[in-house]
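Structure record follows, encoded as structure tokens.
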Amino acid sequence: MSRYKIHLLVCGGTGCHSSESNLVYEMLRDELERKGLEKDVQVIRTGCFGFCEKGPILKILPDNTFYTQVKPSDAKEIIDEHIIKGRRVYRLLYTDPETEEHVPDSKQMDFYKKQLRIALRNCGTIDPENIDESIARDAYQALGKALTEYTPSETIDLIKRSGLRGRGGAGFPTGLKWEIAAKNNADRKYVVCNADEGDPGAFMDRSILEGDPHSVLEAMAICGYCIGATKGLIYIRAEYPLAIKRLKIAIAQAQEYGLLGEHILGADFSFDVTLRYGAGAFVCGEETALIHSMEGKRGEPSNKPPFPAQSGYLGKPTNVNNVETLANIPAIILKGAEWFSSIGTERSKGTKVFALAGKINNVGLIEVPMGITLREIIYEIGGGVKNGKKFKAVQTGGPSGGCLTEKHLDTPIDYESLTAAGSMMGSGGMIVLDEDDCMVSVAKFYLGFIVDESCGKCAPCRIGNKRLHETLGKITAGKGTQDDIEKLRNLGSVIKDASLCGLGQTSPNPVLSTLDNFMEEYLEHVHDKKCRSGRCRDLLYYVISKEDCIGCMACKRVCPTHAISGEKKEAHVINQDVCIKCGACMEKCQFDAISLMNDYPRVSATAAQTITES
Amino acid sequence: MSQKINIAPEAFEYMEKVTGAGGVEVKVNLPKEKIEKINSICDAFGNDPGELINVLHEAQHAFGYIPAEIQDIVAHNLHMPVSQVYGVVTFYTFFSMTPKGEHPVSVCTGTACYVRGAERVLEEFRKELQLEVGETTPDGRFSLNCLRCVGACGLAPVVLVGEKVYGRVSPDGVKAIIEEYKK
Ligand SMILES: Cc1cc2nc3c(=O)[nH]c(=O)nc-3n(C[C@H](O)[C@H](O)[C@H](O)COP(=O)(O)O)c2cc1C
Ligand code: SF4
Ligand code: SF4
Ligand code: SF4
Ligand code: FES
Ligand code: FES
């Protein structure tokens with residue numbers, strides 16, 4: 001990197017790519033060429049910076065300038081002003097929402113201050129399509145170190161001592177997993193990287209693969225060395241074309257450099273990696289389903305045991321690890337188990353990458369030490385709730401997780417505390433919800449997802465979740481009863497107990513955790529036929545404002561069900577029991593007296609009677 | 001997700017005898033080029049049953065969808081019952097047995113997009129295109145589908161038309177997007 005004086009890092013992650021960062025890249029290069037600066041200034045297309053909300057991102061080194069929402073048409077000004085005249089383009093700098101000041105140096109941004117980047121260490125700093133840049137940042141050194149200085153069992157021991165646990169959801173200790181696979185003797189073994197990332201709204205693994213593919217390849221080779229496997233497979237979603245492209249390039253470059261293939265680094269160790277594609281099935285993230293899918297079959301899970309470490313791909317011992325888990329490995333080997341285990345909480349070591357999304361100011365990707373609180377994540381890193389709305393909940397763990405509320409804001413986050421709070425770590429999706437979100441609808445949304453994605457192999461999940469979804473639909477339509485709430489609870493716990501795989505065993509969590517934390521919203525839907533957020537359309541009411549109605553009777557005449565009553569020149573009233581919500585009255589009223597509300601003035605039973613009769 | 005089974009009209013225009021990899025003869029109604037294409041895809045993967053999903057990915061890429069006839073040929077080449085191929089095609093949402101429109105519209109209904117109002121955007125597309133999810137317009141120009149997270153959650157709600165990504169789509173902006181492709 002050194003022969004250039006200045007580096008322009010343009011984000012090439014999916015978020016920024018979608019908002020034309022590739023054009024920004026091209027324009028910057030054109031402009032530099034036009035000015036004859038291409039020998040002094042290098043333009044690099046990197047992986048995700050994490051600050052996707054304000055993309056496309058352009059970072060300039062060495063002065064750490066952080067430009068946001070850069071358009072292709074800004075390229076000329078950036079080169080003329082910043083590069084040639086040395087003046088920052090202020091209008092493109094990140095503005096601190098609180099002080100409303102421009103923040104020139106990315107190190108001073110609240111978004112980055114509390115982050116600690118291990119798995120994401122190279123995302124946004126290197127060109128992922130150029131292996132030399134990865135190598136300049138120590139890629140494949142850990143593999144070299146393991147091959148020359150440690151035996152496989154010493155390497156496994158080091159991983160065990162680091163305390164690393166699986167980042168794919170379950171949190172199983174990684175070193176232990178490798179040890180089990182190493183102990184099972186077989187003529188062939190496999191290392192599998194789980195890059196299926198099915199949780200909708202999470203994009204941690206994708207960003208690692210797009211921004212730093214070599215860290216994953218290196219870790220797979222290290223794992224192969226430890227467990228005695230010579231073949232690695234990456235199971236990646238077909239929906240991630242950019243990550244697939246970069247992985248293919250990375251594999252080819254690593255093979256060319258002799259870092260994958262026969263006799264790696266001259267050692268008596270051979271290892272190669274190939275790609276397998278998913279085809280849009282959430283359940284294929286589950287390891288046994290994933291293995292069946294790699295064998296070309298329907299991705300249905302099977303009972304454990306046997307575990308993949310005993311009998312996995314093609315019946316051979318197989319070690320399955322998540323992308324983020326693997327990305328941590330090289331750093332642990334280079335910096336030591338003690339360094340890694342000094343970060344985090346007692347039982348959860350290291351960092352976790354989260355994808356922040358939903359009603360939060362800084363949607364993006366963050367990596368934080370275990371033990372940080374939700375409050376720090378949401379308010380300090382995430383910049384708080386969007387549009388100054390009131391925080392309601394944060395959903396973690398995707399469709400298998402639950403929601404955390406105000407009262408959990410100060411809980412230090414780790415595997416155990418999240419489970420204790422009725423949610424789970426999951427893969428790292430974090431969806432922030434505000435006062436405008438209806439918790440019953442959110443639960444229904446997740447159940448809808450589960451119904452779509454259940455493989456159908458076992459009845460509790462196939463049928464039970466469908467019933468849960470229907471019942472939630474009944475409640476959001478205003479037709480629910482107290483019995484339905486009981487049914488949700490009972491059925492939910494049966495599904496958890498009786499389902500075959502992790503999908504069914506966790507699928508009722510979004511319902512159960514909203515029942516625990518937001519019972520009052522369920523009760524309102526059921527008894528008052530009211531949705532406080534106004535999200536449930538069937539629980540919105542046409543209401544005539546007493547103040548604005550002049551009593552012209554126009555609405556009364558168009559109402560197809562004669563739901564409106566009132567005398568000339570007097571305020572009219574809509575009988576909600578009769579109204580079919582056709583909206584004709586609102587369209588007719590020329591005085592804006594009718595509006596759609598999440599509640600209506602309730603009258604006592606007898607009074608309601610009189611209105612109907614009149 | 002359920003899929004409609006629809007046999008392509010051109011399927012009935014030709015009759016060809018294909019010899020599957022095992023020497024078994026099958027009759028399928030497909031133009032010759034298509035048969036050759038799918039045979040060459042199967043060959044490229046060594047007619048290995050373990051490569052079924054990769055073969056289907058290639059087939060979907062080549063034809064835009066995987067009609068029953070293609071499945072017949074794949075099954076014979078890979079030495080497996082058609083039911084198994086059909087089972088796999090219908091299991092994975094990525095594979096489709098119906099052709100997509102010239103401009104396939106996909107609305108992201110992942111969680112991040114959902115909480116930022118994807119449902120209303122989807123409804124607007126349904127109204128404007130007069131399509132239900134999974135359908136194609138009679139003139140074959142547009143089709144409407146949902147997908148779960150393209151990884152651009154920062155731009156939620158996200159809509160894809162073909163490969164082009166539209167971010168921060170509001171219901172009011174739907175018409176303008178469709179207009180772009182109507183010309
Ligand atoms: C329904 C379901 C979906 C899953 N999806 C994923 C996924 O997308 N990515 C992943 O790494 N693990 C996923 N898992 C967890 C895997 O089964 C497995 O535990 C994990 O890949 C092991 O890797 P780790 O020990 O490194 O976490 C899923 C599990 C279940 C039950
Ligand atoms: S729990 Fe659901 S996804 Fe898992 S095997 Fe049973 S039906 Fe399939
Ligand atoms: S049309 Fe409007 S102003 Fe006239 S009676 Fe109805 S609500 Fe009142
Ligand atoms: S919404 Fe329709 S049914 Fe209800 S009061 Fe108005 S016109 Fe009558
Ligand atoms: S994709 Fe550019 S910052 Fe995330
Ligand atoms: S949820 Fe729509 S892009 Fe991620």
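Computed values, structure above
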item: Residue in segment A:295-310 that is hydroxyl-bearing (Ser, Thr, Tyr) and at the interface with another protein chain (Cβ under 10 Å from one of its Cβ atoms) present; result: no
item: Unmet requirement for A:ASP414, which otherwise passes all of (1) touching a residue at least 60 places away in the same chain (Cβ under 8 Å); (2) of a type in the set (D, E, K, R); (3) open to solvent by 10 Å² or more (accessible area, probe 1.4 Å); (4) under 21 Å from A:VAL511 (Cβ atoms); result: (4)
item: Residue check, A:THR345 surrounded by fewer than 24 Cβ atoms within 10 Å (Cβ to Cβ), under 15 Å from A:ARG165 (Cβ atoms) and of a type in the set (Ser, Thr, Tyr); result: yes
item: Matching residues, segment A:337-368, being out of contact with any Lys or Arg (no Cβ under 7 Å at 6 or more places or on another chain) and of a type in the set (Ser, Thr, Tyr); result: A:SER342, A:THR345, A:THR351
item: Residues satisfying the stated conditions in segment A:437-490, i.e. more than 16 Å from ligand 2 (Cβ to nearest atom), within 13 Å of chain B (Cβ to nearest Cβ), assigned to a helix (DSSP H, G or I) and open to solvent by less than 60 Å² (accessible area, probe 1.4 Å); result: A:MET439, A:SER441, A:VAL442, A:ALA443, A:PHE445, A:THR476
item: Residues being touching an Asp or Glu at 6+ places or on another chain (Cβ under 9 Å), in a helix (DSSP H, G or I) and away from ligand 5 (no atom under 16 Å from the Cβ) - total across segment A:5-35; result: 4
item: Filter result (touching a residue at least 40 places away in the same chain (Cβ under 8 Å) and either near ligand 1 (Cβ under 10 Å from one of its atoms) or buried (at least 24 other Cβ atoms within 10 Å of the Cβ) (or both)) within segment A:164-187; result: A:LEU164, A:ARG165, A:GLY166, A:ARG167, A:GLY168, A:GLY169, A:ALA170, A:GLY171, A:THR174, A:LYS177, A:TRP178, A:ALA181
item: Criterion (surrounded by fewer than 20 Cβ atoms within 10 Å (Cβ to Cβ), in contact with a strand residue (DSSP E or B) (Cβ under 7 Å, 6 or more places away or on another chain) and not assigned by TED's automatic domain parsing to the domain that holds A:THR174) met by exactly one of A:THR419, A:THR373; result: A:THR373
item: Exclusive hit being away from ligand 1 (no atom under 16 Å from the Cβ) and over 20 Å from A:GLY534 (Cβ atoms), set A:LYS581, A:LYS588; result: A:LYS588
item: Residue match in segment B:165-176 (condition: within 9 Å of chain A (Cβ to nearest Cβ), surrounded by fewer than 19 Cβ atoms within 10 Å (Cβ to Cβ) and touching a helix residue (DSSP H, G or I) at 6+ places or on another chain (Cβ under 8 Å)); result: yes
item: Yes/no for A:ALA571 being open to solvent by 30 Å² or more (accessible area, probe 1.4 Å) and either under 30 Å from A:GLY168 (Cα atoms) or within 16 Å of ligand 2 (Cβ to nearest atom) (or both); result: no
item: Scope segment A:398-411; condition within 14 Å of another protein chain (Cβ to nearest Cβ) and open to solvent by 10 Å² or more (accessible area, probe 1.4 Å); matching residues; result: A:SER400
item: Residue check, A:LEU374 more than 16 Å from ligand 2 (Cβ to nearest atom) and touching a residue at least 60 places away in the same chain (Cβ under 8 Å); result: no
item: Contacts under 7 angstrom Cβ, first residue in segment A:540-557 being basic (Lys, Arg), partner more than 6 Å from ligand 3 (Cβ to nearest atom) and open to solvent by 30 Å² or more (accessible area, probe 1.4 Å), 6 or more apart; result: A:LYS546/A:ALA571
item: Residue ranges of helices (runs of 4 or more DSSP H) in segment A:505-572 with at least 1 members in contact with a Phe, Trp or Tyr (Cβ under 7 Å, 6 or more places away or on another chain); result: A:509-517
item: Pairs where the first residue, in segment A:568-583, is closer than 13 Å to A:LYS546 by Cβ and away from chain B (no Cβ under 14 Å) and the second is within 7 Å of ligand 4 (Cβ to nearest atom) and among the aromatic types (Phe, Trp, Tyr), C-beta under 7 Å, 6+ apart; result: A:ILE574/A:TYR542
item: Test: B:LEU144 is farther than 25 Å from A:CYS52 by Cβ, outside the structural domain of B:ILE66 (by TED's automatic domain parsing) and among the aliphatic types (A, V, I, L, M); result: yes
item: Criterion violated by A:SER427 - all others in (1) open to solvent by 10 Å² or more (accessible area, probe 1.4 Å); (2) farther than 30 Å from B:ARG120 by Cβ; (3) at pLDDT below 95 satisfied; result: (2)
item: Residue in segment A:23-46 that is within 14 Å of chain B (Cβ to nearest Cβ) and open to solvent by less than 10 Å² (accessible area, probe 1.4 Å) present; result: no
item: Which numbered condition A:LYS304 misses (of (1) touching a helix residue (DSSP H, G or I) at 6+ places or on another chain (Cβ under 8 Å); (2) modelled with pLDDT of 95 or more); result: (2)
item: Pair list, Cβ < 6 Å and 6+ apart or interchain, from segment A:188-208 residues that are facing chain B (nearest Cβ under 10 Å) to residues that are in a loop (DSSP other than H, G, I, E, B) and within 16 Å of ligand 2 (Cβ to nearest atom); result: A:PRO200/B:ARG148
item: Residue satisfying all of: in segment A:364-392; more than 24 Å from A:GLY344 (Cα to Cα) and within 11 Å of chain B (Cβ to nearest Cβ); modelled with the highest pLDDT among these; result: A:LYS392
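Per-residue answers, yes or no, for (1) aromatic (Phe, Trp, Tyr); (2) under 25 Å from A:LYS145 (Cβ atoms); (3) open to solvent by less than 10 Å² (accessible area, probe 1.4 Å):
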residue: A:ILE208; (1), (2), (3): no, yes, yes
residue: A:PRO213; (1), (2), (3): no, yes, yes
residue: A:LEU233; (1), (2), (3): no, yes, yes
residue: A:GLY258; (1), (2), (3): no, yes, no
residue: A:GLY278; (1), (2), (3): no, no, yes
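The values are calculated or read from the model by the stated rules, or taken from the named source; none is laboratory data. Note that the structure is a prediction, hence the values are computed from the model and not measured. Don't worry about glycine lacking a Cβ; one is built from the backbone with ideal geometry, like all the others, and counts go over all protein chains shown. The accessibility values were calculated without ligands, DNA or RNA, using every heavy atom of the protein model including side chains. Shrake-Rupley method; radii C 1.70, N 1.55, O 1.52, S 1.80 Å.
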